[in-house]
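Report on one structure; see the data block that follows.
The values are calculated or read from the model by the stated rules, or taken from the named source; none is laboratory data. Given the structure is predicted, the values throughout are model-derived calculations rather than measurements. Virtual Cβ from ideal backbone geometry, glycine too; neighbours counted across all protein chains shown.
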Amino acid sequence: MKSSCLFRVIFATLLLCLKLSASLKRLHLGHCVISVNIHEIRHSFQSKDERTDIRILHKSYSLQDTEPVDRCCFLRHLLRFYLATVFNHCKASSPLVSRKVSSIANAFLSIKKELRLCMEPLSLKALGELDILLDWMDKAD
């Protein structure tokens, strides 16, 4: 009897893991590959953009056209902007909207954490190439 119950728990856990992993999208950002649940983030909050006279991200300039080597850095800057500026200054119209914004912010923090792990090897590489930067700065007018 106990083994039957244990089997059901293990089976349910495996099904949940499969469902979660199936909803994850693998983003290839240059040398870095991270997993993101885009569907969950999109489902958390859908907003109608009422300010159509101003654009931050233009659909006509495809974000997909960003060079693979630049995607990691570009995404880090976008996430930093959303986390430091957008979410910090967001005035939620209701507790439900506030929870949804918090959910997206937490998802962005998780993505940023994964990106930070990808950047660690690059940090060592950048330190090794510090002389190139210093030479450039020394020659700048």
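Within segment 99-124, residues that are in contact (Cβ under 8 Å) with a residue 24 or more places away in the chain sit with their Cβ atoms under 7 Å from residues that are in a helix (DSSP H, G or I) and hydroxyl-bearing (Ser, Thr, Tyr), at 6+ positions apart or across chains, in these pairs: 100/44; 103/44; 104/44; 108/82.
For segment 17-38, give me each residue that is modelled with pLDDT under 80 and surrounded by 10 or more Cβ atoms within 10 Å (Cβ to Cβ).
Step one: filter segment 17-38 for residues modelled with pLDDT under 80, giving 17-23, 30-31.
Scanning segment 17-38 gives 17, 18, 20, 21, 23, 30, 31.
Only one of the listed residues (132, 54) is free of Cβ contacts under 8 Å to residues at least 24 places away in the same chain, on the phi < 0 side of the Ramachandran plot and surrounded by 10 or more Cβ atoms within 10 Å (Cβ to Cβ). That residue is 132. Check whether at least one residue in segment 51-64 is in contact with a helix residue (DSSP H, G or I) (Cβ under 6 Å, 6 or more places away or on another chain) and closer than 27 Å to residue 119 by Cβ, and report yes or no. Scanning segment 51-64 turns up no residue that is in contact with a helix residue (DSSP H, G or I) (Cβ under 6 Å, 6 or more places away or on another chain) and closer than 27 Å to residue 119 by Cβ.
Can you tell me which residue within segment 63-87, out of those that are under 12 Å from the mean Cα position of the chain (by Cα), closer than 24 Å to residue 45 by Cβ and of a type in the set (A, V, I, L, M, F, W, C), is modelled with the lowest pLDDT?
As a first pass, look at segment 63-87 and keep what is under 12 Å from the mean Cα position of the chain (by Cα): 71-83.
Restricting the remaining residues to those that are closer than 24 Å to residue 45 by Cβ gives 71, 74-83.
Right, trim to of a type in the set (A, V, I, L, M, F, W, C) and you get 74-75, 78-79, 81, 83.
Details: 74: 83, 75: 87, 78: 88, 79: 91, 81: 91, 83: 93.
The selected residue is 74.
Condition check ((1) assigned to a loop (DSSP other than H, G, I, E, B); (2) at pLDDT 85 or above) across all residues:
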position: 15; (1), (2): no, no
position: 40; (1), (2): no, no
position: 55; (1), (2): yes, no
position: 59; (1), (2): yes, no
position: 105; (1), (2): no, yes
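Among the criteria (1) in contact with a helix residue (DSSP H, G or I) (Cβ under 7 Å, 6 or more places away or on another chain); (2) closer than 22 Å to residue 43 by Cα; (3) outside any loop (DSSP other than H, G, I, E, B), the one residue 90 does not fulfil is (3).
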